[in-house]
Structure formats: structure tokens, C-alpha cells
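The structure under discussion appears below in the form of C-alpha cells.
Every number here is computed from the coordinates shown, using simple stated rules; none is lab data. All values reported here derive from a predicted model rather than from experimental measurement. Note that we place each Cβ from the backbone using ideal geometry, even for glycine, and neighbour counts take in every protein chain shown.
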Amino acid sequence: MFPGMFCDVEHEKFYGDMLSRFHRQDAYHRALFYTLGLTRETRTHVQDLFDFSNDSIRPKGLKASWQTGTSLRASRLAFNLWNGWAEEQQERDSTPHELFDCRYAPYFFEAIRLRYPEYCRSHDRVPQRMNGPTR
């Protein structure tokens, strides 16, 4: 699945480069690299946020001095889409209320579609009402 939109040429190039470099096309990697590619800071410091040799996120990268409010939002969403990660005792910082309060919100929705393609196939049809409680 290729994203439907990119915020700029650098974002699109980063996404393609990361998927080619890592040779993984699964929903986890697509969502992670798409989201980390949104800001110049996260693109430049992707090594601080992702351990390529161990195929894992690096939460310590959230504390780096180069992080901005917007790059933190992108990093937190990327980590959460990767494996549900939220900073211990800072879980509130990973809520939609905190994360989506920036100009990248439309791209964050695209990242969610990349991570959960099975639930986002079509928005043309309104789903039938489910029987019984949904929780």
C-alpha cells in the first residue's frame, strides 16, 4: 500500500528510501517510516529513533535536544503505531487530543490507514449498525 499523500518531496523520498533500505513492506514499517518522515528533524535523526540493526524503536530519542513539539508528536505516534508504545507515566502525551493538535493531523490519519489497512479499505460505504454493544 502506497500512501495517498505526502507533505513534501523530502517526505516522499524518505519514505521510499527507508522501505528500500530496510527491505520490509509490512504495515508496521510503512506506518513508522511514513510518520517519522513528516518532519525534517525526525528524518535527520531517524537513527536516534529507530535501531535498524535490531528492528526496534528507540524511545530515548524522545528526550533528544533536537526534538520540537511537532517532531515529538510525530515520534510518539510512530512509536504507538509500531507497537502500542506510550511513555510510562506520560501516556497522556500519546492521546489523540495531544498528538493531533498540529498541522500534520491529516498525515497522521494517513499513517493510521497505513498501519491498519484492513480497517480502512473504503470510506465510501457507511457500515451497517453492529448488533449489540461495541465495547
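Subtract the Cα-Cα distance of R21 and W66 from 0.36 nm times their separation in residues, and report this length gain in nm to one decimal.
Working: separation 45, 0.36 × 45 = 16.20 nm, distance 2.41 nm.
Length difference between fully extended and current span is 13.8 nm.
Which net charge results when you count Lys and Arg as +1 and Asp and Glu as -1 among the other residues whose beta-carbon is under 13 Å from that of F108?
Details: positive: R73, R76, R103, R113, R115; negative: E98, D101, E110.
For residues surrounding F108, the net value is +2.
Non-local amide H neighbours of F50 (under 5 Å, H modeled in plane, Pro and chain starts lacking H): which ones?
Answer set, sorted by chain and number: R58.
Taking the Cα atoms only, what angle lies between the long axis of helix 9-22 and the longest principal axis of the chain, rounded to 10 degrees?
Helix 9-22 sits at roughly 90 degrees to that axis.
Express the relative contact order of segment 34-128 as a whole percentage, based on alpha carbon pairs under 8 Å and six or more residues apart in sequence. It would help to have the intermediate numbers written out before the result.
Numbers: 81 pairs, mean separation 23.2, N = 95.
Relative contact order comes out at 24 percent.
With no solvent and one point per C-alpha, what does the Debye sum give as log10 I(q)/I(0) for the chain at q = 0.12 Å⁻¹?
With no solvent term, the Cα-only Debye profile gives -0.47.
With axes computed from alpha carbons, what is the tilt in degrees of helix 27-36 against the longest principal axis of the chain, rounded to the nearest 10 within 0 to 90?
The helix 27-36 is inclined about 60 degrees to the chain.
Any idea what angle helix 105-115 forms with the longest principal axis of the chain, computed on alpha-carbon atoms, 0 to 90 degrees, nearest 10?
With both axes taken from Cα atoms, the answer is about 80 degrees.
Given the rule -39500 (n - 2.57) for each run of at least 4 DSSP H residues, summed and divided by the residues of the chain, what is its mean residue ellipticity at 222 nm, to the nearest 500 deg cm²/dmol?
Numbers: 7 runs with 63 residues, N = 135.
Here the helix-only value at 222 nm equals -13000 deg cm²/dmol.
So for each of 12-21, 59-68 I average, over its residues, the number of other beta carbons within 10 Å; can you give me the resulting order with the highest mean first?
On the way: 12-21: 15.8, 59-68: 13.7.
Peptide ranking by packing, descending: 12-21, 59-68.
First select every other residue whose beta carbon is under 10 angstrom from the beta carbon of L99; then total the charges, Lys and Arg +1, Asp and Glu -1. Kindly include the intermediate steps, with their values, before the conclusion.
Values: positive: R73, R76; negative: D93, E98, D101.
Net of charged neighbours comes to -1.
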